[in-house]
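Report on the structure given below.
The values are calculated or read from the model by the stated rules, or taken from the named source; none is laboratory data. Just so we're clear, the structure is a prediction, and the values are computed from it rather than from any experiment. When we count neighbours, we look across all protein chains shown, and the Cβ atoms used for this are built from the backbone with ideal geometry, even at glycine. Keep in mind that these areas ignore ligands, DNA and RNA; they rest on the heavy atoms of the full protein, side chains included. Shrake-Rupley method; radii C 1.70, N 1.55, O 1.52, S 1.80 Å.
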Amino acid sequence: MTRSAPQKEMVQDFADFGPVVTQLLRLTKPNLDIVFESRGSSEQSAAECYRILQRVVYDLGDHAVPTFYKDRICIVGDAAHATSPDHGAGAGLCIEDSAALAELLADDGVKAVRDLEAVFAIFNAQRRERGQWLVNSSRRVGDCYEWRAQRIGRDFGKIEAEINERNGVIANVDLRQMCKVARQQLVVQVS
């Protein structure tokens, strides 16, 4: 997958990297093809050498799913809350999702197909806000890493404080308590 990018845009994006980098970028074609995946080999043609590898990250920040379930289908992990890799916590939240859902499904009160909707509704209520928080927080952490975060900029003390605070929200969750509350809600629903 490629997209065209003006050389001028690249020079501006890398202006802070110093005159050597910007001079090298001025030697490239006026319009560059930015490649989203590496297909190169050690024997690339001159034309292929003009391609620049760019990391592209997609998340569900702007298009959050309205619910994690419909009927007898429930989504967890990246299907529910795909996030950028900047927090490094997507897999951890998937494990949290899986543990919460497994606890609910293992409840003795879940006996019929109709109980699944109650399980999924409670799971959705318990997990959706945290999943969307991670998507937005990971985006914010990425902005900190790239010095684009509003009110933080390039202040390393502020960057560290912001990231540590957000990492605390991820790490300081009581999953057992979250599952206990969810099961209590389920007992009310399926009794």
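Quick notes on this one:
- Qualifying residue in region 50-65 (condition: closer than 20 Å to Arg130 by Cα, modelled with pLDDT of 55 or more, open to solvent by 40 Å² or more (accessible area, probe 1.4 Å) and not in a loop (DSSP other than H, G, I, E, B)): no
- Test for Trp147: is it of a type in the set (Phe, Trp, Tyr), surrounded by fewer than 19 Cβ atoms within 10 Å (Cβ to Cβ) and outside any helix (DSSP H, G or I): yes
- Residue satisfying all of: in region 150-191; in a helix (DSSP H, G or I), of a type in the set (Val, Ile, Thr) and touching a helix residue (DSSP H, G or I) at 6+ places or on another chain (Cβ under 8 Å); farthest from Gly61 (Cα to Cα) among these: Val190
- Pairing residues of region 52-72 that are more than 23 Å from Glu9 (Cβ to Cβ) with residues that are of a type in the set (Asp, Glu) and at pLDDT 90 or above, at Cβ distances under 8 Å and at least 6 apart in sequence or on separate chains, gives Tyr69/Glu117; Asp71/Glu117; Arg72/Glu117.
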